[in-house]
Structure formats: structure tokens, C-alpha cells
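The values are calculated or read from the model by the stated rules, or taken from the named source; none is laboratory data. Quantities reported herein were computed from a predicted structural model and do not represent experimental measurements. Cβ sites come from the backbone with ideal geometry, for glycine too, and all protein chains shown count toward neighbours. All accessible areas refer to the heavy atoms of the entire protein, side chains included, with ligands and DNA or RNA removed. Shrake-Rupley method; radii C 1.70, N 1.55, O 1.52, S 1.80 Å.
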Amino acid sequence: MEDLNSGSHTEAKPRLLPQSYRLIQLLEVIGKVLEQVQARQLAYIAAKYKLIPPTHFGEVPGKSAQDALLIMMNDVETAWHHNKVVSMLTYDITGFFDTIPHSYLIETMCTLHIPLPLVQWTYSFLQNRKATIRLDEKQDPLSPINTGVPQGSCASLILAAYFTAPLNEAIHAGTITRLMNLTHTLNDI
């Protein structure tokens, strides 16, 4: 199946800058149906086995952007009512999908014990992709793409969620370590 990506202009940036364009995946209908089936299986496994951190809301069944806002507002207001300081870490994911390393994504999926057929499908899905840039009826030759998940694919959001799943644990572990070091430092004073 031929996978063709085309450059799509983002209105927020000037047309003359290369950063103004994002790759959008164009596939035949049967490919989109297969992607949807696989994306739903991956989302189901993530939800059933709690593989995605509870603070992640994208492409997780039963969670929405409204849920994220309500939880954030509740946590902030609860902290304020107890005279606590609130801090929050958010991610700027501009260009994020185009930069996900395939090997790390596959390794993460294996570490999370995703069934091998789904890992193999993901590997196959990410291989042999090519892109071209088309502007005003002019088109460059196809070039291979070696990183990223196809923006515009229904599988991209859940694959990105699997890719970032270890990040929450790493941040939590780093925070605990820093707090322990700070406590030891304060005790030594």
C-alpha cells in the first residue's frame, strides 16, 4: 500500500517559512479502516491495563479534554483551599508527532508488554514511509521518513500516548529524588 504524505499549511504562520507546513497522511480507505481497528485495540489495552498515566487524556477511552480541565480546576481549587502552592507541568507538542523515534516507541511498547502482533503492526506501519512537498502545483520527489508517526492518522494519538507513558514516571521519580535530596540537605544544616 502506497503511503503518501503531503505538506499542509498551518494558518498561524507565514506561507514562506518551512515551519508553516505539517505532513498530513493520505492513505486509501482500507488502510484507514485497519488503522482505526488497531488504534482502538491499542487504546483498549492501554485503558484495561492502565498503561497510560492517569494524567494523560489524549486518545484514552472514557477521557476527554473537558475531563482534563475539570480535574485541573479541582486540584488547583483544593490546593488553594488548603493554602498550598500549585505548580503544573504542561508540554508544548508543536511538531511532536514528526519527531517520535520509531525504535524508542517500539521498545516502550515491548516494555509495556503490548501483544507482539500489535507491536509488529506498529513497526510495519511506521516503515517505508515517504513524503513529498507540494506547493502551488509544484512537487518535490518522494523522500524517506525515518522518524515520527503520521500526523492525520487515527493511530497517531495512541502511539504518541504510548511514547510519552514513561515520561510521567520519570518526572515523578525525579521529583521524589530531588525532594529527598533537599530534605537531606535541610537536615544537615
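Condition check ((1) modelled with pLDDT of 90 or more; (2) basic (Lys, Arg); (3) on the phi < 0 side of the Ramachandran plot) across all residues:
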| residue | (1), (2), (3) |
| --- | --- |
| 87 | no, no, yes |
| 90 | no, no, yes |
| 93 | no, no, yes |
| 98 | no, no, yes |
| 109 | yes, no, yes |
| 113 | yes, no, no |
| 123 | yes, no, yes |
| 151 | no, no, yes |
Which residues, counting only those in region 105-117, are touching a residue at least 40 places away in the same chain (Cβ under 8 Å) and under 11 Å from residue 159 (Cα atoms)?
105, 108, 109
Within region 111-131, does at least one residue satisfy the condition of being open to solvent by 60 Å² or more (accessible area, probe 1.4 Å), in a helix (DSSP H, G or I), within 30 Å of residue 37 (Cβ to Cβ) and among the β-branched types (Val, Ile, Thr)?
yes
How many of the residues making up region 104-151 are closer than 21 Å to residue 44 by Cα and small (Gly, Ala, Ser)?
1
Within region 31-47, considering residues that are over 21 Å from residue 129 (Cβ atoms) and surrounded by 18 or more Cβ atoms within 10 Å (Cβ to Cβ), the one farthest from the chain's Cα centre (by Cα):
45
Suppose we filter 81, 172 for residues that are surrounded by fewer than 14 Cβ atoms within 10 Å (Cβ to Cβ), closer than 19 Å to residue 57 by Cβ and more than 18 Å from the chain's Cα centre (by Cα); which single one remains?
172
Under 9 Å between Cβ atoms, at least 6 apart or on separate chains: pull out the pairs that start in region 160-189 with a residue that is under 25 Å from residue 119 (Cβ atoms) and end on any residue that is charged (D, E, K, R) and at pLDDT below 85.
160/59; 161/59
Hey, can you tell me all the residues within region 31-63 that are modelled with pLDDT of 85 or more, part of a loop (DSSP other than H, G, I, E, B) and among the hydroxyl-bearing types (Ser, Thr, Tyr)?
49
Scan region 169-181 and tell me whether some residue there is under 21 Å from residue 106 (Cα atoms), in a loop (DSSP other than H, G, I, E, B) and out of contact with any strand residue (DSSP E or B) (no Cβ under 7 Å at 6 or more places or on another chain).
no
For region 132-155, how many residues are outside any strand (DSSP E or B) and surrounded by fewer than 20 Cβ atoms within 10 Å (Cβ to Cβ)?
11
Please go through region 64-83 and give me each residue that is small (Gly, Ala, Ser), under 29 Å from residue 109 (Cβ atoms) and assigned to a helix (DSSP H, G or I), ordered by number.
65, 68
